[in-house]
Structures are given as C-alpha cells and as structure tokens.
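The values are calculated or read from the model by the stated rules, or taken from the named source; none is laboratory data. Only a predicted model underlies this, so the values are computations on that prediction, with no experimental measurement involved. Neighbour counts run over all protein chains shown; Cβ positions are idealised from the backbone, glycine included.
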Amino acid sequence: MFKKIILSLSLLTLSLSVSAGNNPTVRMVTNKGNIEIVLNKEKAPKSVDNFLKYTKSSYYNGTIFHRVIKGFMIQGGGFTKDLERKQVNMSIQNEADNGLKNNRGTIAMARTNMPHSATAQFFINTANNNPLNHTGKSMRGWGYAVFGKVTKGMDIVDSIENTKTGARGMFPSDVPVDDIIIEKVEIINE
C-alpha cells in the first residue's frame, strides 16, 4: 500500500512538472492587481523564451503600461514611470504564423513596422483583433505573434483598459493619466 502511494505521488509530481514545463505560467503584479498568464511554449518558443529571459532578469519590474486603447489593447514592458525607454536585447523572429490568434485575453509581442523587430514590449488584447493576425509572409501580412493567454485577472486587464488616458512626454495620446505600474513579473512555474 505504501509503495502504491509513493508511486502515485511520484507519477503525479512527474505529470505536474511535465505540464508546467510545457506551459510556463507567470504572474504580472501591477498596482491595479495581479494578472496570471499561461505562455504557449509549443506554438511560440522564441517569444516565450524571450519573455522569460526578460522576466528572469527583473527587466519588467517597475515598468508601466504606457499605451492603453479601449476596445483594442493595453501595452507595456518598455518604459519607466518617467517614460524613459529601457535598453533591450536583440530583436527576435516573428512567430505570428504559429496559428494563435489575437483574441481577447491573449498576450502578443509588440513591434515596429518591421515584422521581425519585437524585443521586450508586449500587449494584451482586450478585444478580438483579427487585423493583427498573420495573413502572409509579407511586410503587411506578418501580424503580431501571440505567445500566451490570461488565465486569471482579466478583470484587472479590463480595469486598466478603462483607465483615463491622454498625452504625456513623447506620446501624443493613449498614456494612462495615473501610472499603471508593473511592479514585477514572476514565474509561477516553468
């Protein structure tokens, strides 16, 4: 009996560690509340590894959501409270052709007009944003790479989305009037 219990516990532990390894989970602690996100390492391995590297280095700690557009998305991960741009690592390959869609509650890599320019910034979709999905390997068709989904705290995302915004610093609009601070991003399981 004792051996069966030990074997069962061992199998459960192995099962949980395999599951956790396939789907890393992070907690984004903000001054508005916590957001938990399951990352899709199978479909977006480069984007997930990139996000986890920034997370492990505490890069996101103290950054803000600097761009908030109601009915669209909330964007963060690149600026301090003083709207100073943080230094980033090399850009990564765009994985938007992975089959994941920019639907409400998904997290995706932000980038410039260049398809393969994503570094540290990300956004959480607050609506189904089909125009951001991959349609082809052209400048206009690449889309934005989804690499995970909010599993807890969508009410916090909605609260951030509904914050008052305006012009500030170099940004002509869409900056929250009151700072929405990412106090830290921590790995729950990897």
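Table for the structure above
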| quantity | calculated |
| --- | --- |
| Lone unmet requirement of (1) within 17 Å of residue 77 (Cβ to Cβ); (2) in contact with a helix residue (DSSP H, G or I) (Cβ under 7 Å, 6 or more places away or on another chain) for residue 189 | (1) |
| Yes/no for residue 105 being of a type outside the set (D, E, K, R) and either under 23 Å from residue 54 (Cβ atoms) or under 13 Å from the mean Cα position of the chain (by Cα) (or both) | yes |
| Odd one out for residue 142, checked against (1) more than 25 Å from residue 171 (Cβ to Cβ); (2) touching a His at 6+ places or on another chain (Cβ under 7 Å); (3) not small (Gly, Ala, Ser) | (1) |
| Any hit, segment 108-127, residues being in contact (Cβ under 8 Å) with a residue 40 or more places away in the chain and over 13 Å from the mean Cα position of the chain (by Cα) | yes |
| Residue under evaluation residue 131, criteria (1) surrounded by 13 or more Cβ atoms within 10 Å (Cβ to Cβ); (2) farther than 19 Å from residue 79 by Cβ; (3) modelled with pLDDT of 95 or more, criterion not met | (1) |
| Top-ranked residue in segment 112-128 [being touching a strand residue (DSSP E or B) at 6+ places or on another chain (Cβ under 8 Å) and crowded, with 21+ Cβ neighbours inside 10 Å; ranked as farthest from residue 69 (Cα to Cα)] | 118 |
| Top-ranked residue in segment 51-70 [being touching a residue at least 60 places away in the same chain (Cβ under 8 Å) and in a loop (DSSP other than H, G, I, E, B); ranked as nearest to residue 167 (Cα to Cα)] | 70 |
